[in-house]
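Report on the following structure.
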Amino acid sequence: MPKRVLTTSIGVSNGTLPLVSVKTARPIDRARIKEIMKKIRSLSIVAPVAVGDTVVEDIDGEGTPLLATRAVGCSNEK
């Protein structure tokens with residue numbers, strides 16, 4: 001079965017940017033991408049976010065973490 005690393009973005013509350021890019025830490029089954037994207041669409045995270053932060057510990061039920069790939073600071077930081 002083909003596998004792919006899934007990259008997308010999720011919303012950020014109280015951040016300097018409205019979105020943060022994320023990706024799966026390893027390839028997931030290509031046939032499950034739509035199902036997993038449905039889960040991801042319901043997610044949001046609160047700033048601050050650092051590169052490598054785990055957004056979801058197990059996004060696919062097989063232990064694959066969803067990781068932040070961009071830093072987003074808090075909108076109230078100076």
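The values are calculated or read from the model by the stated rules, or taken from the named source; none is laboratory data. Bear in mind that the values here come from a model prediction, so they are computed numbers and not experimental data. Methodologically, a virtual Cβ is constructed for each residue, glycine included, from the backbone with ideal geometry; neighbour enumeration extends over all protein chains shown. These accessible areas exclude ligands, DNA and RNA; they are computed on the full protein's heavy atoms, side chains included. Shrake-Rupley method; radii C 1.70, N 1.55, O 1.52, S 1.80 Å.
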Legend entry - Cα convex hull volume per residue for the chain (Å³): 69
Inset, instruction - Would you mind getting the accessible area per residue of the chain, heavy atoms of the protein chains only, 1.4 Å probe, in Å²? - result: 61
Inset, instruction - Over the chain, with every protein chain in place, what whole percent of the accessible area is carbon and sulfur at 1.4 Å, could you tell me? - result: 52
Inset, instruction - Treat every Asp and Glu Cβ in the chain as -1 and every Lys and Arg Cβ as +1, leave all other atoms uncharged, and give the resulting dipole magnitude about the Cα centre to the nearest 20 debye. - result: 360
